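Have a look at the structure below, then the notes.
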Amino acid sequence: MYSDFGNIHVRRSLLTGHQTIAVKILEKEGVFKRLLFNIVSVGFVLAKRDPGMIPTRIDMLRHGICEDGDIYRGRTDSPLSPEGRTQMLKAVEGGSWDLIYSSPLQRCQGFAQELSERLQRPLVVDERLIELDFGEWDGQGTAEVWQQQQSAVLAFWQDPEVNTPPGAEPLRTMRDRVVRLLYDLHRQLDGQRILWVSHGGVIRILLSYLLQMPLQAMRQISVAYGSLSRIELYQQQSEGPLVSEVVFTNRLSEIVNYDRS
């Protein structure tokens, strides 16, 4: 089943099981509307692919809830909470991968190491999977930063590409490192199944790139703690462009209980 939202074609895969995703779509009036899909997967098809091609599959797992509350959690090395570990365990239950890539931060690497040993799969820790560096805001409470720098916070959320927090990593720099990793993996590991254990910002910025969205629109994609987002990459010729398909599998319990926080 296909629906159109502007230039994005949404393919709904009505398979068995229950999963939910939330996507924000920018309407013509400039108002954000949250759309909830009670379906197993939503694939954003960017180009036509040969059904005979074997994809390189990358499942991107966001870490679970952390111990240190509502902060700007970028390079701050926050510990994973017991609830967060449970979220991640549920997300990977029944999964099968050829190898695992992880951010070096403990909220990702600790779980990735545990899973690697349990599944007996290689683990690669890659700096390019690390979260955005929020600069002077990193590690500070979001409420505290808001009280002290309201205008800067508003400017950042309105256009994070232009209005970078003081001392923070530019979004373009972050996007470039993540995209380079994506292309490296596709060239080196063509046809394999890979699990990324990473962060919300990393996942959103890659999805926005593959969906051909502007950088400031990445905040319109909601990626829950302990959720999986799948991408599949195809290439008909060694020097040809990648054909990509994005399949959201965010594992949220019920639509009625959906909470962005």
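The values are calculated or read from the model by the stated rules, or taken from the named source; none is laboratory data. What you see is a predicted model; the values in this text were computed from it and never measured. Quick reminder, even Gly has a Cβ in these numbers, built from the backbone with ideal geometry, and neighbours come from all protein chains shown.
Miscellaneous remarks
- Within segment 119-136, tally of residues that are within 19 Å of residue 228 (Cα to Cα) and assigned to a helix (DSSP H, G or I): 3
- Scanning segment 76-109 for residues that are within 30 Å of residue 232 (Cβ to Cβ) and part of a loop (DSSP other than H, G, I, E, B) yields 93, 94, 95, 96, 97, 98, 103, 104, 105.
- Test result for residue 154, among the hydrophobic types (A, V, I, L, M, F, W, C) and loosely packed, with under 15 Cβ neighbours inside 10 Å: yes
Per-residue answers, yes or no, for (1) at pLDDT below 90; (2) within 18 Å of residue 226 (Cα to Cα); (3) charged (D, E, K, R):
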{"position": "14", "(1), (2), (3)": "yes, no, no"}
{"position": "20", "(1), (2), (3)": "yes, yes, no"}
{"position": "26", "(1), (2), (3)": "yes, no, no"}
{"position": "50", "(1), (2), (3)": "yes, no, yes"}
{"position": "55", "(1), (2), (3)": "yes, no, no"}
{"position": "88", "(1), (2), (3)": "no, yes, no"}
{"position": "98", "(1), (2), (3)": "no, no, yes"}
{"position": "105", "(1), (2), (3)": "no, yes, no"}
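- If the condition is being touching a helix residue (DSSP H, G or I) at 6+ places or on another chain (Cβ under 8 Å), over 21 Å from residue 84 (Cβ atoms) and of a type in the set (A, V, I, L, M), then segment 190-223 contributes 194, 205, 206, 207, 213, 215, 217, 218.
- Only residues that are farther than 24 Å from residue 218 by Cα and touching a Leu at 6+ places or on another chain (Cβ under 6 Å) were counted across segment 75-111, and they come to 2.
- If you go through segment 177-214 and keep only what is among the charged types (D, E, K, R), surrounded by fewer than 20 Cβ atoms within 10 Å (Cβ to Cβ) and assigned to a helix (DSSP H, G or I), you end up with 177, 180, 184, 187.
- If the condition is being within 15 Å of residue 63 (Cβ to Cβ), surrounded by fewer than 17 Cβ atoms within 10 Å (Cβ to Cβ) and touching a residue at least 40 places away in the same chain (Cβ under 8 Å), then segment 87-125 contributes only 90.
- Cβ separations smaller than 8 Å between residues 6+ apart or across chains give the following pairs from segment 200-218 residues that are over 19 Å from residue 66 (Cα atoms) to residues that are hydroxyl-bearing (Ser, Thr, Tyr) and in a helix (DSSP H, G or I): 214/208; 215/208; 217/208; 218/208.
- Looking only at segment 147-170, and only at residues there that are small (Gly, Ala, Ser) and in a loop (DSSP other than H, G, I, E, B), the one that is farthest from the chain's Cα centre (by Cα): 167
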